[in-house]
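Notes follow once the structure below has been shown.
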Amino acid sequence: MKNNSPVAVRFAPSPTGFFHIGSVRTALFNFLFARHYGGQFVLRIEDTDVARSKKEYEDNILENMRWLGLEWDVFARQSERADIHATELQKLLASGAAYVSKEKVEKEGDRGEVIRLRNPGTIVTFHDEIRGDISVDTTDLGDFIIARSPTEPLFHFSVVVDDFLMGITHVIRGEDHISNTPRQILIQEALGAPRPIYAHLPLILAADRSKLSKRKHGERVALSYYKQAGFLRAALINYIALLGWNPNQNEREIFSLDELIHLFDIAHIQKAGAIFNEEKLRWFNREYMRTQPPELLLQDIVKVLSKRYFAGAVETLAPKIVSSIRERVSVTSDVETMMDAGEFSYFFETPVLDAKKIIWKDTSTETTRAHLEKIISFVTTLTSDFDAEKAKMVLWPYAEHQGRGAVLWPMRYALSGREKSPDPFTLAAILGKEETIKRLKAALVAIS
RNA sequence: GGCCUCAUCGUCUAGUCUGGUCUAGGACACGGGCUUUUCAAGCCUGGAACUCGGGUUCAAAUCCCGAUGAGGUCACCA
């Protein structure tokens, strides 16, 4: 497993929950670092806690790592390295650096005997690439437990053994591991293992400034939530990379994964935690959506609208409305939100008109009626396959002359029955000549 | 509470190492305006921050000390 690469890093999630944003960031930074230096990126599943680890979670992590494009070079499962851990543990026991200790059983699952590290009780000072030197008096740690039995190592021990034997040169992980580091260094020293270079990343925070957690902050901490909502991987990667790191490229904010790899450095990593802001993520996503071919959004629109409306009607409608929707959404799930708010209902059903709303501001009923009649006569002159541009051409001079609001508002409202909608020309083109005239006449009846 | 870490607009950040060009720059969000009526988008524009207190210095967002505040962590979880 040793290699000649200058650096080797690892992302070591425990499969005890769905891949969440904080883990994504740790994985991303490790990936970026490895690729930047042409080193090795190890994905190691820390599943030594048999009771809490689930295959389902492991699958979720792997699947999402691939989806994000964070390909790893080496894959390992800690549970499959049990023999290695047992061997190393025996060495410590044999040398007296660790010992079997009798315990009183306090809670269910506790053992009568566990293995503790003989703590020399020194002051451990280690260098952190982001924070500088950190010193901790390890006497308060006591002879801490490193294994439940000779074949059941605990987190700190298996991490140190694996990092050592897998040749990990840099440990890049969350700030919540700072307090674990002295303990792990003590184990390294007992094992005679070299000390890797540490870099503790600032945490990604929830709006309340506390660490993002499933229990406190719900589904929005899981990457799959954003994936399902239709966020693009490039937007997610770009946004998360810039949370706690800055490439220092003047004012630029949009970067591809390759550019991030090229630019990545530990020197520009932030020390303070950063709040995850979905609004800004949405902005990134819109930026990336613009670069996507419209066909992709079209497929999503068809999928969403088919849930509620007749598929045949959706098929013919969707291509006509895709460009106007494209301007109004930041993420594809917005399409569903719009549908739930009734946004598209007027394409499928005759709108129910509120007579008062047909009239623009202080325009009189008589004038509005005259405008509507005029609009009908204009529309009548159009060929049945007219588009929005054609409709605008015949109607615009009249609207311009009579007052845009006075003419266009009643038309738009008559066609949509809503205070907010696409412009009247687009509506008319989508609805078609016959339906447009029918709805305009209905408005005329409504205000009579 | 012990230990550890952190501290620039509401949020993400540039600037801090190598003090002066910072009356602190950008982005998101928000306010106002413009645009083919509404909504959105776009463009223009506005408000908005160096946590506080001491030092050092001709000069401090930048260096030092302290206070305060915030977070992390204290398992036979990872």
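Footprinting exposure proxy ranking of A:Val7, A:Val445, A:Val161, fewest other C-beta atoms within 10 angstrom first, gives A:Val445, A:Val7, A:Val161. Estimated at 0.36 nm per residue, the fully extended path between A:Ala272 and A:Met338 surpasses their Cα-Cα distance by 20.0 nm.
Candidates A:Ser345, A:Ser323, A:Val304 compared by Cα position along the dipole of segment A:294-348: farthest toward the positive end lies A:Ser345, with charges placed on Cβ. Using the Cβ of A:Lys433 as centre and a radius below 12 Å, the other residues enclosed give a net charge of -1, where K and R count +1 and D and E count -1.
Place a point 7 Å from Cα of A:His36 in the direction of its Cβ. Which residues in segment A:265-283 have their backbone N less than 13 Å from it? The answer is A:265-270, whose backbone nitrogens lie closer than 13 Å to the label point. Label-to-label distance for A:Lys374 and A:Glu279 is 4.3 nm, based on points extended 7 Å past Cα in the beta-carbon direction. As a proxy for reagent exposure, ranking A:Ile130, A:Ile237 by other Cβ atoms within 10 Å from fewest up yields A:Ile130, A:Ile237.
Descending by average beta-carbon neighbour count within 10 Å, the peptides A:256-269, A:328-341 line up as A:328-341, A:256-269, the highest first. The simple spin-label model puts a point 7 Å past each Cα toward its Cβ; for A:Leu93 and A:Met393 those points are separated by 8.9 nm. Remark: for residue pairs A:Lys55/A:Lys307; A:Lys55/A:Lys216; A:Lys54/A:Lys216, the C-alpha separation exceeds 26 Å in A:Lys55/A:Lys307. For A:Ile197, the residues 5 or more places off, or on other chains, whose built amide H falls under 5 Å of its own are A:His170, A:Val171.
Going from the residue with the fewest nearby Cβ atoms within 10 Å to the one with the most, A:Leu89, A:Leu141 rank A:Leu141, A:Leu89.
Cross-linked pairs A:Lys361/A:Lys420; A:Lys320/A:Lys356; A:Lys356/A:Lys441; A:Lys392/A:Lys433: Cα-Cα separations exceed 18 Å for A:Lys320/A:Lys356.
Short-range pairs are left out: with C-alpha atoms under 8 Å and at least six residues apart, the relative contact order of segment A:67-194 is 22 percent. Panel note: the C-alpha atoms of segment A:355-447, placed on their principal axes, show extents of 34, 24, 22 Å (largest first).
FRET efficiency for the A:Thr381 to A:His262 pair, using the beta carbon distance and R₀ = 51 Å, is estimated at 0.30. Only Cα pairs under 8 Å and 6+ residues apart enter the sum, and on that basis the relative contact order of segment A:1-102 stands at 29 percent.
Screening chain A for whole DSSP H helices with an alpha carbon extent of at least 24 angstrom along the helix axis and a mean Kyte-Doolittle hydropathy of at least -1.0 yields A:365-381.
Between the residues A:Gln292, A:His127, A:Ala274, the greatest Cα displacement towards the positive end of the dipole of chain A, with unit charges on the Cβ of Lys, Arg, Asp and Glu, is found for A:Gln292.
Put a dot 7 Å past the Cα of A:Glu253, heading toward its Cβ, do the same for A:Ala442, and the two dots end up 4.3 nm apart.
Bear in mind that the values in this text are calculations on the coordinates, not laboratory data. Just so we're clear, the structure is a prediction, and the values are computed from it rather than from any experiment. Note that each Cβ is placed from the backbone with ideal geometry, even for glycine, and that neighbours are counted across all protein chains shown.
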